[in-house]
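Peer 1: I have a structure here, written as structure tokens, and I will follow up with some questions on it.
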Amino acid sequence: MRAARSIVALTASALVACTPTPEEKADGHVEEALSVTTTTTLSLPPRPKAVPLDGLDPCDVLSTEQRLRLSLDNPPSSYVESSFGNAKACTMRSNISGNVVRLALVTVEGVGVWLSENAQVDARVTAVAGFPALTVRTPGMDDVCNVEVDVADGQFLDVMFRDGGNRTRVKQDVLCQGAQRAAEAAVAGLLQRG
């Protein structure tokens with residue numbers, strides 16, 4: 001999955017629209033009244049502490065034991081995710097479940113990118129090990145779910161969990177649960193390093 005397609009975030013800015021509504025008087029005169037429409041704003045609670053991602057290797061975030069508990073039995077593979085500002089990333093696959101986890105350490109922008117006014121995803125506020133996070137579903141991409149964890153100013157941990165080509169299609173709700181579990185393990189791993 002290209003992160004460029006993923007980094008289309010949820011509309012979070014409050015919108016107030018004043019729309020003229022014509023009202024006809026008994027004498028035939030039309031007066032215009034204003035009606036106000038508002039939308040709600042998503043906001044994240046404060047994080048318990050900052051956990052900077054600078055200089056970390058995403059393939060070292062999860063210990064061998066954590067990977068085995070998540071059924072990630074293939075060796076991790078590192079790469080650079082260009083659509084996340086050349087973020088260091090790591091992919092781990094499971095021969096057991098057929099699923100794939102990707103961790104990306106984004107250090108060029110904060111988790112708020114998922115809440116920008118150019119939103120084209122369904123983002124829901126959640127928490128991961130006490131840190132504010134978003135569960136992100138991209139319309140039309142039912143084989144993947146992301147959890148984005150706010151770990152420091154201008155930085156976030158991206159956890160993608162996807163169906164790696166299973167015979168029986170995995171429901172997106174199950175993928176989101178997997179992303180949440182992987183994010184919990186990753187934050188625990190980050191906290192052990194700090």
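The values are calculated or read from the model by the stated rules, or taken from the named source; none is laboratory data. In this text, all values refer to a predicted model and were calculated from it rather than measured experimentally. Here the Cβ is made from the backbone with ideal geometry for all residues, glycine too, and neighbour counts use every protein chain on show.
Peer 1: Can you give me the number of residues within segment 172-188 that are surrounded by fewer than 19 Cβ atoms within 10 Å (Cβ to Cβ) and more than 22 Å from Asp122 (Cβ to Cβ)?
Peer 2: Total satisfying the criteria: 1.
Peer 1: A follow-up question, please. Hey, among the residues in segment 121-139 that are assigned to a loop (DSSP other than H, G, I, E, B) and in contact with a helix residue (DSSP H, G or I) (Cβ under 9 Å, 6 or more places away or on another chain), which one's surrounded by the fewest Cβ atoms within 10 Å (Cβ to Cβ)?
Peer 2: Filtering first and then ranking leaves Gly130.
Peer 1: For the subset of segment 68-99 comprising residues that are in contact (Cβ under 8 Å) with a residue 40 or more places away in the chain and in a loop (DSSP other than H, G, I, E, B), which member is surrounded by the fewest Cβ atoms within 10 Å (Cβ to Cβ)?
Peer 2: Selected residue: Gly98.
Peer 1: Within the bounds of segment 29-36, is there any residue that is at pLDDT 50 or above, closer than 30 Å to Asp143 by Cα and not β-branched (Val, Ile, Thr)?
Peer 2: no
Peer 1: Also, quick follow-up: Can you tell me how many residues within segment 157-176 are in contact with a Lys or Arg (Cβ under 6 Å, 6 or more places away or on another chain) and over 17 Å from Ser71 (Cβ atoms)?
Peer 2: Residues meeting the conditions: 0.
Peer 1: Follow-up question, since we're still on this one. May I ask you to verify whether Leu42 is out of contact with any Gly (no Cβ under 8 Å at 6 or more places or on another chain), outside any strand (DSSP E or B) and more than 20 Å from Val187 (Cα to Cα)?
Peer 2: On the way: out of contact with any Gly (no Cβ under 8 Å at 6 or more places or on another chain): yes; outside any strand (DSSP E or B): yes; more than 20 Å from Val187 (Cα to Cα): yes.
So Leu42 passes the test.
Peer 1: Further, regarding this structure: For segment 42-62, enumerate the residues that are closer than 14 Å to Asp158 by Cα, of a type outside the set (A, V, I, L, M, F, W, C) and touching a helix residue (DSSP H, G or I) at 6+ places or on another chain (Cβ under 9 Å).
Peer 2: Hit for segment 42-62 is Pro58, nothing else.
Peer 1: OK, next. Looking at Arg102, is it farther than 18 Å from Leu62 by Cα, of a type in the set (Lys, Arg) and either in contact with a strand residue (DSSP E or B) (Cβ under 8 Å, 6 or more places away or on another chain) or without any contact (Cβ under 8 Å) to a residue 12 or more places away in the chain (or both)?
Peer 2: no
Peer 1: Quick one: count up the residues across segment 158-171 that are out of contact with any helix residue (DSSP H, G or I) (no Cβ under 6 Å at 6 or more places or on another chain) and surrounded by 18 or more Cβ atoms within 10 Å (Cβ to Cβ).
Peer 2: Going residue by residue through segment 158-171, those that are out of contact with any helix residue (DSSP H, G or I) (no Cβ under 6 Å at 6 or more places or on another chain) are 158, 160, 162-171.
The next check asks that each one be surrounded by 18 or more Cβ atoms within 10 Å (Cβ to Cβ); those that pass are 158, 160, 162-163, 170.
Residues flagged as out of contact with any helix residue (DSSP H, G or I) (no Cβ under 6 Å at 6 or more places or on another chain) and surrounded by 18 or more Cβ atoms within 10 Å (Cβ to Cβ) within segment 158-171 amount to 5.
Peer 1: Something else about it: Considering each of Val151, Val159, Val121, Val128 in turn, give the residue that is over 21 Å from Gly189 (Cβ atoms) and touching a residue at least 40 places away in the same chain (Cβ under 8 Å). Lay out the reasoning, then the answer.
Peer 2: On the way: Val151 fails: over 21 Å from Gly189 (Cβ atoms); Val159 fails: over 21 Å from Gly189 (Cβ atoms); Val128 fails: over 21 Å from Gly189 (Cβ atoms).
Answer to the check: Val121.
Peer 1: Select from segment 100-109 the residues that are more than 11 Å from Leu157 (Cα to Cα) and crowded, with 17+ Cβ neighbours inside 10 Å and list them in ascending order. Full working, then the answer.
Peer 2: Here is the first cut: in segment 100-109, the residues more than 11 Å from Leu157 (Cα to Cα) are 100-101, 108.
Residues satisfying the conditions are Val100, Val101.
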